[in-house]
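Structure record follows, encoded as structure tokens.
Read the figures in this text as sums done on the coordinates, not as results from a lab. Nothing here was measured: the structure is a model prediction, and the numbers come from that model. Note that each Cβ is placed from the backbone with ideal geometry, even for glycine, and that neighbours are counted across all protein chains shown.
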Amino acid sequence: MYLSDRGFEIVAVNLRLGRLELDVVARQQGLVVVVEVRTRGAGAWTTGLSSIDQKKRGRVRRAGERLWRDRYRSDASAERMRFDAASVTWENGQPVIEYVVAAF
């Protein structure tokens, strides 16, 4: 996986927090990363990254804040949280990943 190859530990995938959901939660030392992942086919009208509108960013941020409050606030090894975004498209059967650090 993209994050694992860069030294991150995958903590959760499709994590439900009440009515909210986080696609990927990963960790690297004191950094907790929440990643919104969008996949698009070759004929899509818009890119995966451009499909993350203000409403979606707000939901992801609320879910991340809930995760921090419920899980990481009392964890002294967790220093900060970051929100990233990833867009996955397919070319010749292979995934092409566009990744944005601190996307929102």
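Key figures for this structure:
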| item | result |
| --- | --- |
| Per-residue ³J(HN,Hα) for segment 92-104, Karplus 6.51 cos²θ - 1.76 cosθ + 1.60, θ = phi - 60°, Hz, x for Gly and Pro | 6, x, 10, x, 10, 10, 10, 10, 10, 7, 6, 5, 7 |
| Spin-label pair S4/Q28, simplified geometry with 7 Å Cα→Cβ offset, distance in nm | 1.6 nm |
| Estimated vicinal HN-Hα couplings, Hz - segment 3-16 in sequence order (Karplus 6.51, -1.76, 1.60; Gly, Pro = x) | 6, 4, 5, 9, x, 8, 9, 7, 8, 7, 10, 6, 6, 8 |
| Charge sum, other residues only, whose C-beta stays under 14 Å from W90's C-beta, Lys/Arg counted +1 and Asp/Glu -1 | 0 |
| Farthest toward positive dipole pole in the chain [+1 Lys/Arg, -1 Asp/Glu at C-beta], among A85, V11, F104 | F104 |
| Distance between modelled label sites at R16 and S77, nm, 7 Å Cα→Cβ extension | 2.8 nm |
| Convex hull volume of segment 4-100 per residue (C-alpha atoms, cubic angstrom) | 101 Å³ |
| Under Karplus coefficients 6.51, -1.76 and 1.60, residue-wise ³J(HN,Hα) of segment 17-26 in Hz, glycine/proline x | 10, x, 8, 9, 9, 10, 5, 9, 10, 10 |
| Value of [θ]222 nm, deg cm²/dmol, for the chain, DSSP H segments ≥ 4, -39500 (n - 2.57) each, nearest 500 | -4500 deg cm²/dmol |
| 5 angstrom amide H check on R82, placed H, neighbours 5+ away | V32, V33, V34 |
